[in-house]
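S.K.: Okay, here's the structure, questions in a sec.
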Amino acid sequence: MSGITIGGKNLFNQGDILLLTHHHKKNVHHNAHKLRMFGLYQLRYRYRHYLSEFFGCVVMTFLGVSSASTFSFYEQLMSEYWLINALSWGAAVTMAMYVSFGSSGGHLNPAVTISMAVFGRFKWKRVPGYIISQILGCIVGSALSFSIYVKKYNAFDGGVRKTTGPKATASIFASYPDADNSNINGFYQEFLATCALLFVLQGISDKKMYPAKNLQPIVVGMLVFVISATTGILGSSNLNPARDLGPRIFTVIAGWGSEPFTVANHYFWIPIVAPILGAIVGTGLYELFVIPNNNE
């Protein structure tokens, strides 16, 4: 994907850090207004990857949390809750990737970012900025969803936010273990589900395999849907530390108190650590065992 073309030559290619001559910089500055109406183009271009991750996560979390809110407050939809919620999160990931894929690569997930860095596919110096952008985006996406459903929350719990009990609403935002599931099982579930996610993601994005060329956002959304539909009912299948931690932080800010971080024996760290480890293992398994054919 190119950003600006001068004299028939692409100056801005996806993911490039450009070393422009003084002449090119003048031409870029002169022509930038043709593509973007707002000022500070060079500054915004410099931070484009982080902005894409931020807004991609805003879109993903806003749509996903809003889906969970819809089913939580409308009992007539509860019979189809899990299937449609999984589909909604898969579609939310697809929409978010269309926002970010061409600029930042559409990570939207610290587990993806870290696993790529571990295997030399991503620069470690960019990892902190990506993760911060992802978490902040998930916080803002949660706030936007809450803002349109706040009257439903108030009607449901009387303005007293609960993490546990019959009036609990914290699980709309973040994951909490199923009553029949231990924290150890929750860790294993998050680890295995994210391992599967990253294992398949490698095949989707592997240029030597490339079965999903030009369809990556749609296929990734389908993958998230399948994993969520088949494992999420157990109470913890985030696959994404930012998607859980960002909304969890928002609930603390928005009146749920400290319980989102203390309930279930401080369960909060499991959806952060387990997906990262699972992503590294999933990527490693693909690297080790899935070997594309040589062009013979």
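The values are calculated or read from the model by the stated rules, or taken from the named source; none is laboratory data. Computed from a predicted model, the values in this text were never measured in an experiment. Please note: Cβ atoms are built from the backbone with ideal geometry, for glycine as well, and neighbour counts cover all protein chains shown. Ligands, DNA and RNA are stripped out before the accessible areas are found, and what is left, the full protein with its side chains, is counted by its heavy atoms. Shrake-Rupley method; radii C 1.70, N 1.55, O 1.52, S 1.80 Å.
S.K.: So, in the stretch 117-139, of the ones that are of a type in the set (A, V, I, L, M) and open to solvent by 50 Å² or more (accessible area, probe 1.4 Å), which residue ends up nearest to Gly203 (Cα to Cα)?
M.R.: Once the filter is applied, the top-ranked residue is Val118.
S.K.: Separate question: Hey, among Ser182, Ser142, which residue is open to solvent by less than 40 Å² (accessible area, probe 1.4 Å) and either under 15 Å from the mean Cα position of the chain (by Cα) or more than 26 Å from Thr94 (Cα to Cα) (or both)? Please lay out each step first, then the result.
M.R.: On the way: Ser182 fails: open to solvent by less than 40 Å² (accessible area, probe 1.4 Å).
That would be Ser142, the only listed residue that is open to solvent by less than 40 Å² (accessible area, probe 1.4 Å) and either under 15 Å from the mean Cα position of the chain (by Cα) or more than 26 Å from Thr94 (Cα to Cα) (or both).
S.K.: Take the residues in the stretch 153-166 that are open to solvent by 80 Å² or more (accessible area, probe 1.4 Å) and not aliphatic (A, V, I, L, M); name whichever of them is farthest from the chain's Cα centre (by Cα).
M.R.: Pro166
S.K.: In contact with a helix residue (DSSP H, G or I) (Cβ under 6 Å, 6 or more places away or on another chain), among the hydrophobic types (A, V, I, L, M, F, W, C), surrounded by fewer than 22 Cβ atoms within 10 Å (Cβ to Cβ) and assigned to a helix (DSSP H, G or I): does that describe Val273?
M.R.: Details: in contact with a helix residue (DSSP H, G or I) (Cβ under 6 Å, 6 or more places away or on another chain): no; among the hydrophobic types (A, V, I, L, M, F, W, C): yes; surrounded by fewer than 22 Cβ atoms within 10 Å (Cβ to Cβ): yes; assigned to a helix (DSSP H, G or I): yes.
No.
Yes/no per residue for (1) part of a helix (DSSP H, G or I); (2) closer than 22 Å to Ile84 by Cα; (3) polar (S, T, N, Q):
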| residue | (1), (2), (3) |
| --- | --- |
| Ile184 | yes, no, no |
| Phe187 | yes, no, no |
| Thr194 | yes, yes, yes |
| Ile204 | yes, no, no |
| Leu223 | yes, yes, no |
| Ile233 | yes, yes, no |
| Leu245 | yes, no, no |
| Arg248 | yes, no, no |
